[in-house]
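Just so it is clear, none of the values below were taken in a lab; they were calculated from the coordinates. Note that this is a predicted model, so its numbers are computed, not measured. Neighbour counts are summed over all protein chains in view; Cβ atoms, including those assigned to glycine, are modelled from backbone coordinates with ideal geometry.
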There are 2 protein chains.
Amino acid sequence: MKKVTIKDIAREAGVSPSTVSRVINKSAPVRKELEEKVLEVIRKMGYTPNLVARSLRKGYTDTVGFIVPDITNPFFSLIIKGAEDFFKKKKISLVVCSSNHDVKEEEKLIEMLVSKKMDGLLLVGAGSSNRVLNSILNKVKVVFVDRVYEGYDAPYVVSDNYNGMKKLVWYLVKTGHRSFAFLNGEEGTYSATERLRGFVDALKEAGIKDYVVFFGQFTYESGFSLVKKLGKIPDAVVCGNDLMAYGAIDALEEMGYEVPKNVSVTGFDDLPFSKHYKPSLTTVRQPFHAMGYESAKILHWMISGKNKKNKKIVLETELIIRESTKGGSEYETSGNS
Amino acid sequence: MKKVTIKDIAREAGVSPSTVSRVINKSAPVRKELEEKVLEVIRKMGYTPNLVARSLRKGYTDTVGFIVPDITNPFFSLIIKGAEDFFKKKKISLVVCSSNHDVKEEEKLIEMLVSKKMDGLLLVGAGSSNRVLNSILNKVKVVFVDRVYEGYDAPYVVSDNYNGMKKLVWYLVKTGHRSFAFLNGEEGTYSATERLRGFVDALKEAGIKDYVVFFGQFTYESGFSLVKKLGKIPDAVVCGNDLMAYGAIDALEEMGYEVPKNVSVTGFDDLPFSKHYKPSLTTVRQPFHAMGYESAKILHWMISGKNKKNKKIVLETELIIRESTKGGSEYETSGNS
DNA sequence: TTGTAAGCGTTATCAG
DNA sequence: CTGATAACGCTTACAA
């Protein structure tokens, strides 16, 4: 099928290309009669505007890029969904890319997306820094998601990892736990760092010194193997995220412990699945969808020229108490208004 | 920062734009000396080619669209990952869109993607048909994923739902199950239909008539509530997919049954999580990643002009035996060569 | 209200 | 090997 352009429509309708353009975009008044004629020809010939040409002319693409470490991880795909839900309303499409937790790949992706003239970029960084970031930060609008990059003056949207973890630990202390192990994710990651801060600060405030900290990855397997390395089993095993908690629980049970009877285990994230885990997981809920949605909103502001340049958003986290921890229901979660 | 174009480079390097283009694309020989000069200026001025302009000129975008019902569903995100892994090697990017299981939305998305001049489309359809499909099938290359559309002569990649289900039911029969309930997903869906066919045929071959079939959705909640509607609990509850099986197991346990002691439950998909469910799930593994990867490969063939027009691929499924079904280990899976 | 023509940034063609 | 020039399809001054 030969492709039909605005010129073909113009010729067929006996008008000029500009008139056709005006009809399509309602960018200027056109005589009713002509308008109808044009519309009819468009329909008849099955014309659809070439948005590539339009983009070249107008200077924007109505497309933004979203780079995440792994699209397969529900944590990220839920965030993406949030962004998508916002952008869909603005008729903006999303180019989604996985960096596979690799900063090198991330750099390549960023360059490609900039070259493809994305109107903006949403970035869940793979590392804590990035060579190309500096050079592109003034070529394209960027919003950091779930990460704070020291030294870059760009807006970000994160959730309150620090206070989420604090709430969780306080709860554990309050329900009688006195010794702790923290099975954390990748050392150096923003999330791991913040959660550790919360963990340590909460215990310090509680005057508890009986704890150990290990780093691993944010995966089931890592949670599983880290548990096996634990010398003595503490009252509570606090995990870097839900996946690790699943692994930790399974390892503990394999070792003959019952959760939560002999040991409490907690997660972080509250993946949709965690309420169905056995035992269902006590964890800290991150507002995935909102994280994506808010980042998208900010990026959109920036794109539209509303200069929310240094918007920094920290979204609330919520303590979710379920059955993987021992202890009364006397503690009220703070976020359930 | 003012954007720098190929002309700026040309001027600065004292050559013509064509020469710069030739250097960038290695599309024709250029004197070493000039080439170096150009490369240097490019570096110095921080030039990156405008791929929108290039696309307009060349007639393709190195971008393909992928529409799925819900990016949040691990089943789909794993497929997307497969496609992404293939396309990354070809430097093709993916515009990922969720139709939210809504055919209307899907139609809009398709039109938009065609307008944006995607080189091709990967489509996990939301329904069994679609108004715009006919009109765009000769405007853009399309590969259907996980669905066979009757009446459209386009290539597809699916997994062998029918035989997968047959293998599963045979196994159940072989291990002594004599009465069945099939808790299926959305009626009319390709997957639901094929799995039902497999289920019915296998039982027919086994001479078993004691079974019931229900339709619902492919969700945890649906599995849960469908179980509650079951009159008598059969030997085996066969579920439309893994999520439904999770729900079914939980409902059954809530009703006081033990799985698999009192009743066996099976899934379909083998989500990464199913081996960690309690009990771990007996299910049929679909080759998610391969489904995405193969679809991408075919689409790429079509785009590159290699006319694999009517390529139809049915990928093998594999029976995965775990702990949610009662029965010996005497049965050998067929796919473990 | 409508048409003409320039231009968005590339690349392909054609001379030289 | 290199440079003009046209063209990709659209939008937008500017002119009428």
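Counting other C-beta atoms within 10 Å, which of B:19, A:283 has the fewest, and how do the rest follow?
Ranking B:19, A:283 by Cβ neighbours within 10 Å, fewest first, gives B:19, A:283.
Of all GluC sites (Glu not before Pro) in region B:206-264, which ones are in loop regions per DSSP and have a Cβ with at most 13 other Cβ atoms within 10 Å?
Those satisfying the criteria are B:258.
For chain B, what is the mean residue ellipticity at 222 nm derived from helices alone (per DSSP H run of n ≥ 4: -39500 (n - 2.57); sum divided by total residues; nearest 500 deg cm²/dmol)?
Theoretical 222 nm ellipticity from helices: -13000 deg cm²/dmol.
Can you say what percent of the DSSP beta bridges in chain B, counting only those with both residues inside, are antiparallel? Round to 5.
10
A 30 angstrom limit on the alpha carbon distance is what I want to check against. Which of A:139/A:166; B:2/B:91; A:88/B:139 exceed it?
A:139/A:166
Give the residue list of chymotrypsin sites (Phe, Trp or Tyr not before Pro) in region B:170-239 that are DSSP loop and have at most 13 other beta-carbon atoms within 10 angstrom.
Here no chymotrypsin sites (Phe, Trp or Tyr not before Pro) fit, given the DSSP loop and packing criteria.
Output the Kirkwood hydrodynamic radius of region A:6-49, Cα pairs only, in Å rounded to one decimal.
Evaluated over region A:6-49, this radius sits at 9.9 Å.
Excluding residues on the same chain fewer than 8 positions from residue B:141, give the aspartates and glutamates whose Cα lies under 20 Å from its Cα.
B:62, B:84, B:85, B:105, B:106, B:107, B:111, B:119, B:150, B:153, B:294
Would you work out the relative contact order for region B:6-49, in percent, from Cα pairs under 8 angstrom that are 6 or more residues apart?
Once normalised by length, the contact order is 41 percent.
Mind checking which aspartates and glutamates have their C-alpha under 20 Å from residue B:37, skipping anything on the same chain fewer than 8 residues away?
B:8, B:12
Go through region A:297-326 and name the trypsin sites (Lys or Arg not before Pro) that are in a DSSP coil and have 11 or fewer other Cβ atoms within 10 Å of their Cβ.
A:306
How much of the calculated P(r) for region B:10-101 lies past 15 Å, in percent of all Cα pairs?
Tail fraction, whole percent: 69.
In the Gaussian network model of chain B, springs joining C-alpha atoms below 10 Å, which of B:276, B:300, B:289 carries the largest mean-square fluctuation?
In the Gaussian network model the winner is B:276.
Based on other C-beta atoms within 10 Å, arrange A:160, B:269 from fewest to most.
With the fewest neighbours first, A:160, B:269 line up as A:160, B:269.
Across region B:180-301, how many lysine pairs separated by 8 or more positions, or lying on different chains, have Cα atoms within less than 26 Å?
16
Test of understanding: ordering B:195, A:131 by Cβ neighbours within 10 Å, fewest first, what list do you get?
Listed from fewest to most nearby Cβ atoms, that is A:131, B:195.
Which distances in nm, rounded to one decimal and ordered from shortest, link the label point of residue A:29 to the equivalent label points in the other identical copies, with labels set 7 Å from Cα toward Cβ?
Label-point separations across copies, in nm and ascending: 6.3.
Calculate how many DSSP beta bridges within region A:209-337 are antiparallel, expressed in % of all such bridges and rounded to the nearest 5.
If I count the DSSP bridges inside region A:209-337, around 40 percent turn out antiparallel.
Using DSSP, restrict attention to beta bridges with both residues in the protein assembly as shown and report what percent are antiparallel, rounded to the nearest 5.
That works out to approximately 10 percent antiparallel.
Between residue A:213 and residue A:316, what length in nm is gained on full extension when 0.36 nm per residue of separation is reduced by their alpha carbon distance?
Extra length available between residue A:213 and residue A:316 comes to 34.6 nm.
Per residue and in Å³, how big is the convex hull formed by the alpha-carbon atoms of the protein assembly as shown?
202
Across the residues of B:275-283, average count of Cβ atoms on other protein chains within 10 Å?
What the average comes to for B:275-283 is 3.
If you put a point 7 Å past Cα along the Cβ direction, how far is that point for residue B:316 from the same point in each other copy, in nm, smallest first?
Shortest to longest, the spacings are 5.3 nm.
Test of understanding: what is the full-extension gain from residue B:43 to residue B:134, defined as 0.36 nm times their sequence separation minus their Cα-Cα distance?
Result for the pair: 28.0 nm of gain on full extension.
Just need the relative contact order of chain B here, percent rounded to a whole number, with Cα pairs under 8 Å and 6+ apart.
The value is 17 percent.
May I ask you to report, in nm to one decimal and beginning with the shortest, the distances from residue B:70 to the same position in the other copies, taking label points 7 Å along Cα-to-Cβ?
Reported distances to equivalent positions: 2.2 nm.
Just counting partner chain Cβ atoms within 10 Å, what average do the residues of peptide A:40-50 show around their Cβ?
Average per residue, whole number: 2.
Sorted by average packing, counted as other Cβ atoms within 10 angstrom per residue and highest first, what order do B:47-55, B:24-32, B:62-70, A:146-154 take?
B:62-70, B:47-55, A:146-154, B:24-32
Over chain A, with a Gaussian network built from C-alpha contacts below 10 Å, which listed residue (A:17, A:234, A:272) shows the highest mean-square fluctuation?
Highest fluctuation among the options: A:17.
Using a 10 Å cut-off around each Cβ of peptide A:52-62, what is the average number of partner chain Cβ atoms that fall inside?
4
Given all pairs of different Cα atoms, what value in angstroms does the Kirkwood hydrodynamic radius of chain B take?
22.5
Expressed as a whole number of Å, what is the distance separating the alpha-carbon centroids of region A:156-227 and region B:35-58?
48
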